[in-house]
Amino acid sequence: MQEYKTRKGISIYALLAFVVLGNGILYFLTFFLNSYIEVSLIKIFMVVFSVYCLIYVLRVVSLVYIIREDGFEISSLWGFNKILIPFNEVNGYNIQIGKINGLRLSGFGKTQYCFGRSVIENVGITHMFVTSNKQVIYIHTENMSYGISPEKVEEFEDFLIRKGYEKGDFKIKINRNRDLFKKRSFFIPFIIVTLIILLITLNPLILYLMNKLPSKMPLFFDATFKPIIFGTGKQFAFKQMTYGVLNMIILICMHYAAYFCAKYDKRSAYKYIYISLITAITFLLIQLRILNLYL
């Protein structure tokens with residue numbers, strides 16, 4: 001077994017900068033907003049964004065490449081996240097120097113470092129574990145390539161040559177079948193989001209038609225959830241229905257974004273539906289809180 005450390009780059013500093021600057025900008029925006037819904041959405045996405053970035057920071061810190069008896073292992077999070085690439089599945093490799101040329105589908109980084117899934121020029125769909133673009137080795141298999149940036153690139157390449165792997169360019173494969181609804185990881189969240197949107201839209205309408213809404217209902221709240229504008233029950237129902245329509249538009253946009261992403265990698269496409277899910281849950285919880293206080 002031979003371990004290879006990653007080449008040092010700016011990835012950790014860039015990720016930490018994303019956390020600090022991203023949250024700083026979002027927090028700064030809250031001073032100019034006086035809407036409970038907008039502030040709530042910003043706070044939720046601040047938390048999600050921070051956790052997402054910090055997970056990648058931990059993966060960078062703990063990342064190591066290992067040559068085992070049966071294949072190449074990419075290990076992170078101190079062994080909790082492992083990917084094994086069997087030797088018999090590898091059909092070649094590629095080495096690129098300098099700017100990473102490709103389309104990022106998921107993860108972080110682009111030209112100087114990259115984590116997640118990308119479409120790399122002359123390589124194809126690639127799972128990236130690259131901390132520096134000085135020299136990147138792409139291990140190619142039939143279904144997926146893997147990008148790594150070990151410190152001792154020459155030594156690693158010598159091993160690839162001894163194993164009989166040839167260096168070359170590879171074609172980018174396009175998925176002709178992009179039917180995402182056949183996968184539970186997309187279909188189930190999509191159904192959940194749709195049901196939540198229907199609940200956001202129809203719940204206030206049904207309450208209004210059943211005369212369950214008071215004659216006076218809050219329409220707008222400030223950042224502290226204090227009502228600042230009141231209206232009739234009919235106006236409240238209509239406003240809540242517009243939030244449902246807004247969430248439906250977001251769902252449609254996320255679906256088309258996922259469909260485009262699935263052209264290259266279906267697994268990376270599923271993340272878009274969760275953006276819609278988080279947004280819809282936020283609107284539903286706010287609506288339920290309002291109804292609980294004023295009904």
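The values are calculated or read from the model by the stated rules, or taken from the named source; none is laboratory data. All of these numbers come straight from a predicted model, not from anything done at the bench. Methodologically, a virtual Cβ is constructed for each residue, glycine included, from the backbone with ideal geometry; neighbour enumeration extends over all protein chains shown. All accessible areas refer to the heavy atoms of the entire protein, side chains included, with ligands and DNA or RNA removed. Shrake-Rupley method; radii C 1.70, N 1.55, O 1.52, S 1.80 Å.
Listed residues LEU213, LEU219, LEU207; which is touching a Gly at 6+ places or on another chain (Cβ under 9 Å), in a loop (DSSP other than H, G, I, E, B) and closer than 30 Å to ILE42 by Cα? Break it down into steps so the answer makes sense when it comes.
Details: LEU219 fails: in a loop (DSSP other than H, G, I, E, B); LEU207 fails: in a loop (DSSP other than H, G, I, E, B).
So the residue among LEU213, LEU219, LEU207 that is touching a Gly at 6+ places or on another chain (Cβ under 9 Å), in a loop (DSSP other than H, G, I, E, B) and closer than 30 Å to ILE42 by Cα is LEU213.
For ASN177, only one of the following conditions fails: (1) of a type in the set (S, T, N, Q); (2) in contact (Cβ under 8 Å) with a residue 12 or more places away in the chain; (3) open to solvent by 20 Å² or more (accessible area, probe 1.4 Å). What is its number?
All conditions are met except number (2).
What residue, of THR6, THR30, is touching a helix residue (DSSP H, G or I) at 6+ places or on another chain (Cβ under 9 Å), modelled with pLDDT of 90 or more and of a type in the set (Val, Ile, Thr)?
Values: THR30 fails: modelled with pLDDT of 90 or more.
Just one listed residue meets the conditions, THR6.
Within region 29-43, track down each residue that is surrounded by 14 or more Cβ atoms within 10 Å (Cβ to Cβ), over 20 Å from ASN247 (Cα atoms) and in contact with an Asp or Glu (Cβ under 9 Å, 6 or more places away or on another chain).
THR30, ASN34
So how many residues does region 249-295 have that are open to solvent by 80 Å² or more (accessible area, probe 1.4 Å) and outside any helix (DSSP H, G or I)?
Residues flagged as open to solvent by 80 Å² or more (accessible area, probe 1.4 Å) and outside any helix (DSSP H, G or I) within region 249-295 amount to 1.
Any chance region 192-200 includes a residue that's open to solvent by less than 90 Å² (accessible area, probe 1.4 Å), at pLDDT below 90 and either over 30 Å from GLY92 (Cα atoms) or of a type in the set (Lys, Arg) (or both)? Walk me through how you get there before you give the answer.
Here is the first cut: in region 192-200, the ones open to solvent by less than 90 Å² (accessible area, probe 1.4 Å) are 192-194, 196-200.
If we keep only those that are at pLDDT below 90 as well, we get none.
No.
Return yes when PHE230 is among the hydrophobic types (A, V, I, L, M, F, W, C), open to solvent by 70 Å² or more (accessible area, probe 1.4 Å) and more than 17 Å from the chain's Cα centre (by Cα) and no when it is not.
Criteria met by PHE230.
Exposed (fewer than 15 other Cβ atoms within 10 Å of the Cβ), under 30 Å from ILE278 (Cα atoms) and at pLDDT below 95: is that true of LEU58 in this structure? Before you say what the answer is, go through the steps one by one.
On the way: exposed (fewer than 15 other Cβ atoms within 10 Å of the Cβ): no; under 30 Å from ILE278 (Cα atoms): yes; at pLDDT below 95: yes.
No: the conditions fail for LEU58.
Mind telling me which of the residues THR194, THR242 ends up being assigned to a helix (DSSP H, G or I), β-branched (Val, Ile, Thr) and under 26 Å from the mean Cα position of the chain (by Cα)? Spell out the reasoning first.
Numbers: THR242 fails: under 26 Å from the mean Cα position of the chain (by Cα).
Of the residues listed, the single one that is assigned to a helix (DSSP H, G or I), β-branched (Val, Ile, Thr) and under 26 Å from the mean Cα position of the chain (by Cα) is THR194.
Considering only residues that are β-branched (Val, Ile, Thr) and more than 22 Å from HIS127 (Cα to Cα), which ones fall in region 249-274? Before the answer, list the steps.
First, the residues of region 249-274 that are β-branched (Val, Ile, Thr): 249-250, 252, 273.
Within region 249-274, ILE249, ILE250, ILE252 qualify.
For SER215, are the conditions met, namely being among the small types (Gly, Ala, Ser), open to solvent by 30 Å² or more (accessible area, probe 1.4 Å) and under 22 Å from the mean Cα position of the chain (by Cα)? Spell out the reasoning first.
Details: among the small types (Gly, Ala, Ser): yes; open to solvent by 30 Å² or more (accessible area, probe 1.4 Å): yes; under 22 Å from the mean Cα position of the chain (by Cα): no.
No: the conditions fail for SER215.
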